[in-house]
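The values are calculated or read from the model by the stated rules, or taken from the named source; none is laboratory data. Please read all numbers here as calculations on a predicted model, not as lab measurements. Ideal geometry is used to build each Cβ from the backbone, glycine not excepted, and the neighbour counts take in all protein chains shown.
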Amino acid sequence: MSFEPFTTIISQTLVLPATNIDTDQIIPAKFLSVTTKDGLGEHVFSNLRYNADGSETDHELNSETGKACRILVAGHNFGCGSSREHAPWGLTDYGFRVVISSEIADIFWNNSLKNGLLPIIIEPAAHQWLLDNPGAKITVDLTKQDVSLPGNHMTYGFNIDAFSKHCLMEGVDELAYLAGQADAIAAYEVGHE
Amino acid sequence: MTARTLFDKVWERHVVVPETASNPATLYIDLHLIHEVTSPQAFTDIENRGFGVRRPDRTLATIDHSTPTRINPDGSRPYVTDHAEKQVETLLANTREHGIETHGWESEHRGIVHVMGPELGATQPGMTIVCGDSHTSTHGAFGAVAFGIGTTQVGHVLATQCLLMTKPKTMAINVNGNLSEGVTPKDVILHIISSIGVGGGTGYALEYRGSVFEDMSMSGRMTVCNMSIEAGARCGMIGPDQTTFDFIRGRKFAPKNFDTACRNWVSLRTDGGAVFDREVHIRAEDIAPMVTYGTHPGMAISVDRTIPKAGTDADSGALDYMRLESGKPVAGTKVDRVFIGSCTNSRLEDLRAAAHVLRGRKVAGGLTAIVVPGSTLTKYQAEEEGLDRIFLEAGAEWREAGCSMCLGMNGDIGSPGDLVVSTSNRNFMGRQGPGVRTILASPQTAAATAVTGVITDPRTMETMV
C-alpha cells in the first residue's frame, strides 16, 4: 500500500483558474532528474512559487492557508502534456488529495489514481462556482461520489470507474491485482508468441 | 462479422482478461521502451516488492532526456547536474541487472527513444507499445496502438508485461486532397490540433485517414502521430500499407517471415463501413505552413496570417506571455533562437528539409541555431550526406543526439525572454527555460527563420533562391 485509503475529504480549496495547466507547469523538467519520488512537493508549481533568485513569491501556494488545502481546483484541461508521474507525486507531497476541473487530461488522470490523488471532473456550473469562490470549504465524498458546496448545500456527483474507486478506498494499488492474473498472462503468451 | 477499426482489431488481439463493469481490461504489451527519466522509481518499486522483469526480451532501453548534446574536448560529457548523470547511470545499472537490451553511449541507435524504436524495426504494425513518455504515440504511424504511461505503469509492465486499461473511444481524422507546395506533415498536425482543440482528443484513440496520409512518408506519419497527445488523445494511428512495410524490411527486428507478416499486417486496416465514435473531415487545400502563437499547440495559425483576437482571458494571458499582439502579422517577429530536433522532427528527412533551406545561406546575426539529430545513426547518415557541413557553414551548431531543447532537461535551454522557433511539440510556458517563449513550426519554417532572423514563411524563401 503506497497511500492512505480515501473516503471523505473536507477542506478549503486552493484555486488555480488558468486553463490548460500542463504538467511542465506542475513540475518543470529540471526537477525530473531524480531517482526517487521524495520531496517533489517543494518544487510543485515552482514557476509560480519562486522568484528567479530562489526566494519565495507571495503566491497562495506558499502561505500556511494554501499548504493546509487538500483540494486543488483548476481551470479546464488540467494536467495536459507530458506523462511525468512526478506531477501527482509533487501534488500529493505538497498535500493535495483531490484535484477538481471541468476537464482533466488522460495520462495525468491515470497517474493520479495510482497515487491516492482523486481527479474529479465536475459539471461546468459547479466548476464555475468553485473558481469564483476560492478558499471555500467543501466536502468530497468518494463513497457517494459527490462534492458538497457550502452555503446553498448544493451537491454535485462525479464519475469514477468502479475499480479505481475500490483501489482508492482500500488503499491498494494495481500491481497485486495484475500479478494475480499471472496464469492468464502466461496462457496468453503461449498462444501469441 | 461487424466492420472494425484498426484500433479495435489491435486492441482485441491484446486482451488477456476482458473488461467488465467492475474491472478494466488486462492488456498485453508487446514492446516496452524505457529511458532514464521515468523508469528508476519503477525498478525500485518492483524490486522492493519482489518482482523481476517478466519479459526483458520485450523491453528496449536508451538514454535521451538527461543526456548532454555536447562532448568536452577531453571526451567527457558535460551533464547539467550530478543528478542527471546519476539518472543515466541508474538506467544503465537497472537494465544491466535485468538483462534488458540497452542502447547506451556506445550504440549507434542511442538517441530519442521514439526515433530508436522504428530505426531498429522494433516498432511494427499491430503491436501494443508503451513507454513512460507521452510522445509514444509516435509509433502509431506503423499501425500500432502506442501510448505514454506513468512510472507506476512502467512498473506494472516491467513486472507483468500487462496494463489495466479501459477502452478509449475512436475518432477518425480524415484529410483528403492535395497539400499545397511547402506544406509539411508538421503543418498538417498543427492544423488538426488547432481545429479540434488541445483537449479535443481527450478520451479518444485517433486514426489519421485519407489520401494525405496514404501519400506521406513514414517520417511524416511519425511527425503526425507524435503530436496526437497534443490534442489530448491517448494515441494516434495510421493503417499499415506498402510504405510501412518498405520501411521495416531489413531492419534489425524485422520479422523473419516478412511476407507472411505483411499479409497479417494488411488485415489490420480499418474495414469498410467501420464506425468511429467521431469523424473529422479536413481539406488538404485548406492547410498552409503553420506556426503557434500562444502557449499550447492548439494556438496555431498559418504563418501568413495575423494573430487572432484573444477570445478568452486565457488567450490574452498567453499573448501577454508571448509578447505578441492580436491583429499583427506573426511573420516578421524577431527570433533569438532556432531549435531543429525532437521526437517530432529530428529524423533524416527533417534534417534534409532544413539543410535544403540553409544550403549556401547564413544564420542571421545574433541568432543561435542548433540542430540535434534524433539518433546517433541519423547523425551518421546526415554526415554521410554532408548535411552537417551545410549546417556548420551556415553558422548553426551540430550536436549529439537527444531530446535537448524540446524540454530542456539536459540544460539545453534558452535565456529568459528569448523567442525560440522550435520544431518540437510543446510551446508551454517555460518549457524551454524560464521565461522562454516558444513558437512551434516545421523544419522548413525553422530553417527559413534562422536565415532571416524573423518568423518566415518558407514559401517566400524558395523564390529567393
Check: What strands (runs of 3 or more DSSP E) lie completely within the range B:12-96 and have 1 or more residues being more than 22 Å from the chain's Cα centre (by Cα), at pLDDT 95 or above and surrounded by 17 or more Cβ atoms within 10 Å (Cβ to Cβ)?
Finding: B:15-17, B:25-28
Notebook entry, point to check: Are any of the residues in the range B:275-291 basic (Lys, Arg), touching a residue at least 60 places away in the same chain (Cβ under 8 Å) and in a loop (DSSP other than H, G, I, E, B)?
Noted result: no
Notebook entry, point to check: Just checking, how many residues over the range B:296-315 are surrounded by 14 or more Cβ atoms within 10 Å (Cβ to Cβ) and either in contact with a Gly (Cβ under 8 Å, 6 or more places away or on another chain) or small (Gly, Ala, Ser) (or both)?
Noted result: 8
Notebook entry, point to check: What number of residues within the range A:65-105 satisfy the criterion of being assigned to a loop (DSSP other than H, G, I, E, B) and more than 14 Å from chain B (Cβ to nearest Cβ)?
Noted result: 5
Check: In the range B:112-139, what residues are out of contact with any His (no Cβ under 8 Å at 6 or more places or on another chain) and within 26 Å of B:ALA382 (Cβ to Cβ)?
Finding: B:ILE112, B:VAL115, B:GLY121, B:ALA122, B:GLN124, B:SER137
Next item on the list: Considering each of B:GLN161, B:GLN87 in turn, give the residue that is at the interface with another protein chain (Cβ under 10 Å from one of its Cβ atoms) and either among the acidic types (Asp, Glu) or at positive phi (or both).
Entry: B:GLN161
Margin query: Name the residue that is nearest to A:ALA186 (Cα to Cα), counting only residues in the range B:144-162 that are outside any helix (DSSP H, G or I) and touching a helix residue (DSSP H, G or I) at 6+ places or on another chain (Cβ under 6 Å).
Written below: B:CYS162
Notebook entry, point to check: From the list B:GLY239, B:GLY232, which residue is within 14 Å of chain A (Cβ to nearest Cβ) and small (Gly, Ala, Ser)?
Noted result: B:GLY232
Check: Name the pairs: first residue in the range B:13-25 and more than 8 Å from chain A (Cβ to nearest Cβ), second residue assigned to a loop (DSSP other than H, G, I, E, B) and at pLDDT 95 or above, Cβ to Cβ under 6 Å, at least 6 apart or on different chains?
Finding: B:ALA25/B:PRO18; B:ALA25/B:GLU19
Note to self: Any residue at all in the range B:66-78 that's under 20 Å from A:GLU85 (Cα atoms) and within 9 Å of chain A (Cβ to nearest Cβ)?
What the structure shows: yes
Next item on the list: Report, by residue number, each residue of the range A:10-56 that is touching a residue at least 24 places away in the same chain (Cβ under 8 Å), of a type in the set (Ser, Thr, Tyr) and away from chain B (no Cβ under 11 Å).
Entry: A:SER11, A:THR13
Note to self: Taking the criterion of being assigned to a loop (DSSP other than H, G, I, E, B) and surrounded by fewer than 24 Cβ atoms within 10 Å (Cβ to Cβ), would at least one residue in the range B:389-397 satisfy it?
What the structure shows: yes
Check: Residues in the range A:25-63 that are part of a helix (DSSP H, G or I), among the charged types (D, E, K, R) and under 20 Å from B:GLN432 (Cα atoms): how many?
Finding: 2
Next item on the list: Please list, ordered by first then second residue, the pairs with beta carbon atoms under 6 Å, 6 or more apart or interchain, first in the range A:122-149 and farther than 22 Å from A:PHE6 by Cβ, second of a type outside the set (A, V, I, L, M, F, W, C) and outside any helix (DSSP H, G or I).
Entry: A:PRO124/A:SER102; A:LEU131/A:PRO17; A:GLY135/A:GLN12
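Residues are listed down the side, and each one gets a yes or a no for (1) of a type in the set (Val, Ile, Thr); (2) closer than 28 Å to A:THR35 by Cβ; (3) assigned by TED's automatic domain parsing to the domain that holds B:HIS135:
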position	(1), (2), (3)
B:SER22	no, no, yes
B:ILE46	yes, yes, yes
B:GLN87	no, yes, yes
B:HIS103	no, yes, yes
